1. Given 0.36 nm per residue, what is the gain on full extension from residue 64 to residue 174 after removing their alpha carbon distance, in nm?
2. Using r as the Cβ-Cβ distance of residue 101 and residue 8, and R0 as 41 Å, what FRET efficiency do you calculate, to the nearest 0.05?
3. Debye sum, Cα scatterers, the range 1-146, no solvent: what log₁₀ I/I(0) at q = 0.12, 0.16 1/Å?
4. Mind jotting down the distance between the C-alpha centroids of the range 60-124 and the range 163-241, whole Å?
5. To the nearest 10 degrees, how steep is helix 43-55 against the longest Cα principal axis of the chain, on a 0 to 90 scale?
6. As I understand it, the value is the acute angle between the Cα axis of helix 70-84 and the longest principal axis of the Cα atoms of the chain; what does it come to in degrees, rounded to 10?
7. Relative contact order for the chain: what is it in percent, counting Cα pairs under 8 Å that are at least 6 residues apart?
8. How much mean residue ellipticity at 222 nm does the chain get from its helices, if each DSSP H run of length 4 or more adds -39500 (n - 2.57) and you divide by all residues, to the nearest 500 deg cm²/dmol?
């Protein structure tokens, strides 16, 4: 069973890979033999993670990209394939949303949330998924949110975008199967950078079965499972990693 989590010779791309859940997944893949493309807005942050990856003896490529932009997703795919020659794993992790009352949000803010959480991931998955299907196959993991199925006030566009991401996951699993598996991790509250702005009570407790938010490293085993042959019969699935929100 240990060989199922051997990623030697695999190339993974992680958007939003410079911090939080993205960084934890990147380091976990690298520790198990993968080389990686780390992409986010701030190049220096990506380079820092690449430094950690290279310290493990793996190869890394840092790219500054705006995950809201259609053309930037094409440029990311081109750069990744140009550098490594293939991509085996794509993790669509970039995403966030400000908390704004629905009647106060501007059109620009609405578009930015939807573009970051749905349009960008769609374009990148469509581009790389087609390439994977035309080659030796691969795995796509979309990082969704409990907000897709448990919407709360103040994040309506975000909830809608993540629900669309869930639908996209199922659709692309059928479109690019059987050579490409496409799944989503529906994340609950995690103590990433964004949680620093939460009230102390929210950082200690959560309305889930475990009664607490997750630590960023607790997403790792779910990602490893979905990226590996351990989940060879799993595609089009939205897997909850939320401490039991229900």
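Taken together, the values in this text are just the output of simple stated rules run on the coordinates, not laboratory data. Computed from a predicted structure; not experimentally measured. We place every Cβ from the backbone using ideal geometry, glycine too, and count neighbours over all the protein chains shown.
1. Working: separation 110, 0.36 × 110 = 39.60 nm, distance 3.09 nm.
Using 0.36 nm per residue and subtracting the Cα-Cα distance, I get 36.5 nm.
2. On the way: r = 49 Å, r/R0 = 1.20.
With R0 = 41 Å, the Cβ-Cβ based efficiency is 0.25.
3. -0.47, -0.81
4. Each part's Cα centre sits 17 Å from the other's.
5. The angle comes out at about 50 degrees.
6. Long axis of 70-84 versus the principal axis of the chain: about 30 degrees.
7. In percent, rounded to a whole number, it is 19.
8. Dividing the helical sum by the residues of the chain leaves -12500 deg cm²/dmol.
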